[in-house]
There are 2 protein chains.
Amino acid sequence: MIPVELIGKKRRGGELSPDEIYYLVDGYVRGDIPDYQMAAWLMAVCFTGMTDAETLALTRCMVQSGRVVDLSDIPGVKVDKHSTGGVGDKVSILLAPLVASCGVPVPMISGRGLGHTGGTLDKLESIPGFRTDIDIEEYRELVRTVGVVMAGQTGELVPADKKMYALRDVTATVECIPLMAGSIMSKKIAGGVDALVLDVKTGSGAFIRDREGAVELARTLIGIGEGYGKRTIAFITDMNQPLGRAVGNRLEIIECAECLRGRNIEDLCALTLRLAGAMLFLGGKSDSVDAGIRTAKDALRSGKAYQKCIELVRAQGGDPSYIEDPTRFAPARVRTEVCAGESGYVAAIDNRGIGIAALAAGAGRMKVGDAVDPAAGIVVYKKIGDAVGNREPVATVYGSSETRVDDAARRVRAAYTIGVDRQEPPRLVYCMMDAHGYTEYS
Amino acid sequence: MIPVELIGKKRRGGELSPDEIYYLVDGYVRGDIPDYQMAAWLMAVCFTGMTDAETLALTRCMVQSGRVVDLSDIPGVKVDKHSTGGVGDKVSILLAPLVASCGVPVPMISGRGLGHTGGTLDKLESIPGFRTDIDIEEYRELVRTVGVVMAGQTGELVPADKKMYALRDVTATVECIPLMAGSIMSKKIAGGVDALVLDVKTGSGAFIRDREGAVELARTLIGIGEGYGKRTIAFITDMNQPLGRAVGNRLEIIECAECLRGRNIEDLCALTLRLAGAMLFLGGKSDSVDAGIRTAKDALRSGKAYQKCIELVRAQGGDPSYIEDPTRFAPARVRTEVCAGESGYVAAIDNRGIGIAALAAGAGRMKVGDAVDPAAGIVVYKKIGDAVGNREPVATVYGSSETRVDDAARRVRAAYTIGVDRQEPPRLVYCMMDAHGYTEYS
């Protein structure tokens with residue numbers, strides 16, 4: 001096979017055979033297919049798509065590129081959650097210890113910042129000492145002893161995805177349903193889960209902006225999951241504004257620590273509880289998603305989830321004193337407030353613009369291998385529907401240089417639309433989907 | 001500016017400003033923008049295209065990436081020819097010395113093999129000693145003293161194109177009108193020409209297969225040329241079968257040497273004379289293209305063109321004895337004949353398939369920096385409309401290993417369609433275009 005012919009076939013809209021997909025993906029992992037050919041192929045896929053057979057073949061190649069963890073000797077139904085990514089989406093950091101504290105083992109494989117969104121691993125690594133490069137033996141041991149692990153896909157697990165994920169991040173090939181589906185499901189399957197909850201984001205800060213696309217992605221993901229015999233529940237949730245208030249690695253850790261210690265950041269906590277409910281249901285710890293939500297709420301209020309988080313941080317080498325007292329984090333060198341400049345109500349937020357602003361402040365990567373600035377980011381004070389005064393700040397931007405912070409602040413201001421009349425805030429969760437059907441929420 | 005945002009903007013079909021295009025192209029040349037980001041951007045351009053303003057901005061960036069040769073102190077109207085590339089298209093090797101032998105200076109900048117087609121530089125370098133890495137001083141000197149030079153774009157001339165051309169070759173981003181137009185015109189303008197003849201190929205072996213696309217490319221090229229004040233004539237010519245008989249570097253040099261010494265390979269010689277006629281007309285050496293053709297025919301028959309070719313080869317360090325006696329070239333290690341396997345007439349040739357077969361035999365590159373096998377290639381004996389017997393060979397494949405030659409031979413056989421009724425061969429030249437209009441040939 002000739003790589004350029006396979007790129008050309010996909011460019012012309014042809015369907016690649018499983019062997020052809022294997023040749024590309026395996027060759028890329030082994031270094032025989034260079035980055036630039038994979039980048040061109042990925043961009044062609046963005047335009048011409050993939051059939052279901054191609055998507056499944058891609059997922060299988062990616063799973064086969066590394067080891068598959070066997071957790072069958074550990075008691076309980078192992079359940080993981082995956083979000084398609086958004087701005088300020090730090091749910092995993094709350095959710096994993098919360099669900100584990102209720103007795104469902106959570107073997108979680110997370111990713112790095114991708115496009116305009118942050119990544120759970122980058123966020124966790126802003127806790128001093130926290131290690132996310134966990135090998136398979138330690139991963140199994142943490143699930144067994146702590147009941148939860150939050151790891152990156154190491155060289156052992158899905159090396160194909162690790163390499164392709166980093167490349168897509170810097171080549172504008174993130175927003176692509178089959179590539180997203182293959183990436184998500186290969187990690188989850190290799191991680192050894194028995195069941196899976198998916199948070200598929202839609203709106204101006206999501207990779208898939210429109211509802212139809214989000215539903216299509218959810219169906220593709222559920223199809224792959226069920227094909228592998230893993231029960232899968234998906235929620236379509238809102239990403240038209242940042243989730244919670246913090247956007248940026250350390251800022252988001254601080255917000256999570258506060259929530260675990262009792263602060264109620266309304267949208268963030270409500271979504272976390274909804275996803276926890278589904279995980280407890282799939283994990284056999286409750287008879288319904290709603291019953292699971294009640295169990296999770298108790299665990300959050302009682303401090304059980306907080307204690308499990310402290311245990312998790314310590315087990316992965318992190319210094320839990322930063323969770324116990326987030327004021328220990330050094331402040332960013334530069335900060336500036338962003339004012340509305342007009343009075344009224346927040347009518348809309350270009351949430352992708354907020355994500356790009358955080359990236360410009362230093363919270364994300366311009367190209368593969370760039371370091372992220374853990375202190376950089378944004379805290380927003382105003383969400384859709386909130387009243388705002390002329391000189392009232394809508395957000396604060398943090399970073400290490402004035403140039404970067406000023407650039408980010410301009411982008412934040414441009415992302416806010418202030419109107420005269422109050423808008424209803426968007427619904428937080430639009431619907432729930434599984435292999436059997438679709439439930440719309442009002 | 002953030003590279004991934006510019007890639008994303010183009011992916012979404014947006015128009016990039018001249019500054020944004022400069023940022024990408026200049027950054028790529030300087031190594032700040034990596035191959036994989038340029039590859040993704042190029043593939044996005046293939047799908048969403050470029051406006052005329054973007055194409056002109058791209059051309060200007062590419063010209064500005066290096067030096068621009070000033071040939072104004074050399075007497076005469078300097079005229080170059082460019083072909084959009086095809087299978088067996090060795091016209092330049094005949095044409096440059098032919099036109100120069102008639103008194104029109106020919107400063108020719110050529111390229112390497114691209115996609116399924118060969119490149120003039122790769123062909124010339126199969127002449128032992130022949131140097132194509134000519135610096136600007138030597139280039140000027142050769143135009144002044146020999147009246148012709150055949151050079152690659154060195155690091156000095158259009159470094160942006162040199163780097164992008166190599167990348168497009170291996171990422172299936174060759175067939176793209178604005179990228180082709182920018183690549184072609186930047187080289188010609190930097191090379192210091194006063195006027196230009198374009199051979200825009202159409203058919204199964206061309207990058208732009210359909211007539212409409214070829215006409216659009218020709219219009220784009222003529223527009224850029226005239227915008228820079230260079231008189232430009234384009235011909236739309238057939239590429240539904242190899243031009244001449246040889247496909248592959250050394251094999252094509254041998255065929256050219258034979259034609260310069262009096263052999264009449266009908267389509268090859270007729271097209272060369274047509275293009276020569278236009279160059280002599282633009283160069284002020286004849287009153288019309290037809291009068292130019294007559295002048296060129298005399299120069300070919302009299303041996304003037306052959307003598308100029310010997311002079312050119314010697315001046316660029318090549319050993320002219322290989323042109324004087326092509327049997328001096330060592331034969332390929334492996335050869336095999338391809339038989340029709342049925343009787344009838346050649347109804348069609350998948351000419352791209354012939355090009356890919358030559359590449360598979362070793363005549364082209366799988367990825368950037370690969371060496372080409374100068375001896376590898378194909379000689380075809382049967383063209384569209386020719387009668388063929390069951391056991392009669394339609395072609396011979398040459399190469400260095402049996403695996404490669406067998407693979408290529410299978411591809412050659414698959415490229416031939418044999419029919420019961422005789423088909424008319426395709427017209428060689430479809431039309432002529434310039435800034436003033438369009439002349440269709442019958």
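Where a number appears in this text, it was derived from the coordinates with a stated rule and is not lab data. Here the structure is a predicted model, which means the values were calculated and not measured. We place every Cβ from the backbone using ideal geometry, glycine too, and count neighbours over all the protein chains shown.
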Exercise. Could you give, in nm with one decimal, how far A:D319 is from each other copy of that position, shortest first, with labels 7 Å out from Cα toward Cβ?
Worked result: 7.2
Exercise. Between B:R391 and the same site in the other copies, what are the distances in nm, shortest first, taking label points 7 Å from Cα along the C-beta direction?
Worked result: 10.1
Problem set entry | Hz values of 3J(HN,Hα) by residue in the stretch B:420-434 - Karplus curve (6.51, -1.76, 1.60), Gly and Pro given as x | 7, 9, 6, 8, 5, x, x, 5, 7, 10, 8, 6, 10, 9, 8
Exercise. Amide H to amide H, which residues 5 or more places from A:C339 or on other chains are under 5 Å from it, using H placed in the peptide plane?
Worked result: A:V394
Seminar exercise, completed: Calculated from DSSP helices alone, with each H run of at least 4 adding -39500 (n - 2.57) and the total divided by the residues of chain B, [θ]222 nm to the nearest 500 comes to -14000 deg cm²/dmol
For this session: Among A:N240, A:N264, A:N351, determine the one that fluctuates most according to a GNM of chain A built with springs between C-alpha atoms less than 10 Å apart.
Result: A:N264
Exercise. Which whole-Hz ³J(HN,Hα) couplings does the stretch B:99-107 yield from phi under the Karplus relation 6.51 cos²θ - 1.76 cosθ + 1.60, θ = phi - 60°, glycine and proline marked x?
Worked result: 5, 4, 5, 9, x, 9, x, 10, x
Exercise. Can you list the HN-Hα couplings for the stretch B:209-216, worked out from phi with the Karplus curve (6.51, -1.76, 1.60; θ = phi - 60°), rounded to whole Hz and with x for Gly and Pro?
Worked result: 6, 8, 4, 4, x, 5, 5, 5
Exercise. Taking the Cα centre of each part, how many Å lie between the stretch A:413-442 and the stretch B:261-276?
Worked result: 70 Å
Exercise. Under 5 Å between amide H atoms, partner at least 5 residues away or on a different chain: which partners does A:I134 have, H built in plane at 1.01 Å?
Worked result: A:G152
Exercise. In peptide A:167-174, what is the residue-averaged number of other protein chain Cβ atoms found within 10 Å of each Cβ?
Worked result: 6
Problem set entry | Nearest-first distances (nm) between copies at A:Q423, label 7 Å from Cα via Cβ | 5.9
Seminar exercise, completed: For the stretch B:74-146, inverting the pair-averaged 1/r of distinct alpha-carbon atoms gives a Kirkwood value in Å of 13.2 Å
Exercise. Mind checking the mean number of beta-carbon atoms from other chains within 10 Å of the Cβ atoms in A:43-54?
Worked result: 3
Exercise. Quick one: net charge of A:S186's neighbours, Cβ under 9 Å, K/R +1, D/E -1?
Worked result: +2
Problem set entry | Listed residues B:A181, B:A358, B:A40, most fluctuating in chain B (Gaussian network, C-alpha, under 10 Å) | B:A40
Problem set entry | Sequence-separation-based contact order of chain A, relative, with Cα cut under 8 Å and 6+ spacing, percent | 18 percent
For this session: Return the single residue from A:G277, A:G223, A:G86 with maximal mean-square fluctuation; model: Gaussian network over chain A, springs between Cα atoms under 10 Å.
Result: A:G223
Exercise. Under the definition of partner shielding as Cβ atoms of other protein chains within 10 Å of a residue Cβ, what is the mean value for peptide B:30-37?
Worked result: 5
For this session: Kindly flag which residue pairs out of A:K81/A:K188; A:K285/A:K308; A:K78/A:K230; A:K123/A:K297; B:K201/B:K230; A:K230/A:K285 have an alpha-carbon separation exceeding 19 Å in this structure.
Result: A:K123/A:K297; B:K201/B:K230
